């Protein structure tokens, strides 16, 4: 009885403390959901798989071995809960369920539930100042212009990170310092008694400066890349691309394979600029240089430039005209002297919501062709925010792009490896290849929080038979990629 009484008293104490904590903590919930059908014809410009890395050792399954399922129904639900102690301290937990109908969670009768945590971070302000600290799994991006969606280096996704944002001059100058652990292959103990360099860590520093009519964000980023980190983790430019494609050089896959050094540095320096002094005419630009593996073998090194520019006119009520262009260095004719493309980690870049790029598609799954903006150049135009009828808006976009990569480098890697796990037709373009694309999007705001969304696109590519082979290049000539996605988006 005494033991029971002690347990009952302890339970009462815990419940009492929980009641006090609950009374002191404000809980706020927001979220979103979408359900939509997606029709995609001739994905990857062929309707076939592009091939993929199938395990951590880098074994590769070749292109064209699988055919597309043209119609899928996607559903996603996300819930973000903030536990707010006071104005200075809160914790956020974000969970989501995401899959196609008939698979995983959405399997009939006997579902395999899959609830994922996609946000989990603590956020607080230092006492007696405006410095804000965010620690944990959070939305994470390097500085970029929203005109181009997000960062071409790392953007539009999440990372386990520590971010400190400290205003130096109110509304004028601040400093943002960040650290993120992108990869940690072995976690607590390595697979052998010898310590392995199996992490990818990123450090970043930015100085956002805002003055009347202009905003500039100079920044720098440094990554420590361990030789044994799992760079074949999915990411980069689409479902079949990896960190290995975006960070490493093509020469890394040639004998002797892999990095020579246990640790290598990657770095980026650049700036993001926005000029509104001539409002309603606004200008946007990003200028970035990045390099990596510079202390390793020559064939393993990678370095290059990326520049974009955009302008829009916001003085009209019924439409916002936009123009844009970009240019990036591409591979030269030799693989043995390293890569001339700027390295990146996970790109989230694209103007006009065009489905060529993994960018700002609201119906985000199975939504784009995953074309690599690095190693290409292009121009385009868009008519955004077309609104002739209340609650109904449209967007039209046009893009023409060419590759800046030498055909010789891609052809050499194909010949050396038998199949090509590093370059992909339609994603990485040679100087003799081009793509044109037209996008059309429509949104009808049924209620304040509920919208019907249509996203559609068409593309046509010209690809070299001498680089990709007759089978893939000829297949791309038979039919053009077409995307039509239609569904409902709810935000609360």
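The values are calculated or read from the model by the stated rules, or taken from the named source; none is laboratory data. The model shown is predicted, which means the values in this text are computed figures rather than measured ones. Using ideal geometry, Cβ is built from the backbone for each residue, glycine included, and neighbour counts are taken over all protein chains shown.
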Q) Do we have residue 230 as touching a helix residue (DSSP H, G or I) at 6+ places or on another chain (Cβ under 9 Å), over 20 Å from residue 348 (Cβ atoms) and assigned to a loop (DSSP other than H, G, I, E, B) here? A) yes
Q.
I'd like the residue in the range 356-397 that is in a loop (DSSP other than H, G, I, E, B), crowded, with 23+ Cβ neighbours inside 10 Å and more than 14 Å from the chain's Cα centre (by Cα) and, out of all such residues, is modelled with the highest pLDDT.
A. 375
Q: Just name the residue that is nearest to residue 439 (Cα to Cα) out of those in the range 470-492 that are at pLDDT 95 or above, crowded, with 20+ Cβ neighbours inside 10 Å and in contact with a helix residue (DSSP H, G or I) (Cβ under 9 Å, 6 or more places away or on another chain).
A: 483
Q | Residue count for the range 133-182, restricted to those that are in a helix (DSSP H, G or I) and either free of Cβ contacts under 8 Å to residues at least 40 places away in the same chain or touching a helix residue (DSSP H, G or I) at 6+ places or on another chain (Cβ under 7 Å) (or both) | A | 1
Q. On the given criteria, is residue 274 at pLDDT below 95 and either at negative phi or within 25 Å of the chain's Cα centre (by Cα) (or both)?
A. no
**Q.** Pairs, first on the phi > 0 side of the Ramachandran plot and assigned to a strand (DSSP E or B) in the range 59-71, second surrounded by 15 or more Cβ atoms within 10 Å (Cβ to Cβ) and at pLDDT 65 or above, C-beta under 9 Å, six or more apart
**A.** none
Q. Mind checking which pairs have a first residue in the range 308-329 that is on the phi > 0 side of the Ramachandran plot and assigned to a loop (DSSP other than H, G, I, E, B) and a second that is buried (at least 17 other Cβ atoms within 10 Å of the Cβ) and modelled with pLDDT under 95, Cβ under 6 Å, 6 or more apart or different chains?
A. none
Q) If you check residue 437 against the conditions, is it over 22 Å from residue 73 (Cα atoms), within 22 Å of the chain's Cα centre (by Cα), at pLDDT 95 or above and buried (at least 18 other Cβ atoms within 10 Å of the Cβ)? A) yes
Q) What about residue 200, is it in a strand (DSSP E or B), at pLDDT 85 or above, at negative phi and touching a helix residue (DSSP H, G or I) at 6+ places or on another chain (Cβ under 8 Å)? A) yes
Q) In the range 203-240, which residue that is over 20 Å from residue 180 (Cβ atoms) and under 17 Å from the mean Cα position of the chain (by Cα) is surrounded by the fewest Cβ atoms within 10 Å (Cβ to Cβ)? A) 239
(Q) If residue 187 satisfies all but one of (1) at pLDDT 95 or above; (2) surrounded by fewer than 16 Cβ atoms within 10 Å (Cβ to Cβ), what's the number of the condition it fails? (A) (1)
Q. Among 91, 77, which is the only one that is part of a strand (DSSP E or B), within 24 Å of the chain's Cα centre (by Cα), under 30 Å from residue 121 (Cα atoms) and modelled with pLDDT of 95 or more?
A. 77
Q. Going by the conditions given, is residue 302 surrounded by 15 or more Cβ atoms within 10 Å (Cβ to Cβ), closer than 19 Å to residue 224 by Cα and touching a residue at least 24 places away in the same chain (Cβ under 8 Å)?
A. yes
Q | Conditions (1) surrounded by 17 or more Cβ atoms within 10 Å (Cβ to Cβ); (2) out of contact with any strand residue (DSSP E or B) (no Cβ under 6 Å at 6 or more places or on another chain): number failed by residue 170 | A | (1)
Q. Among the numbered criteria (1) in contact with a helix residue (DSSP H, G or I) (Cβ under 8 Å, 6 or more places away or on another chain); (2) loosely packed, with under 15 Cβ neighbours inside 10 Å, which single criterion is violated by residue 467?
A. (2)
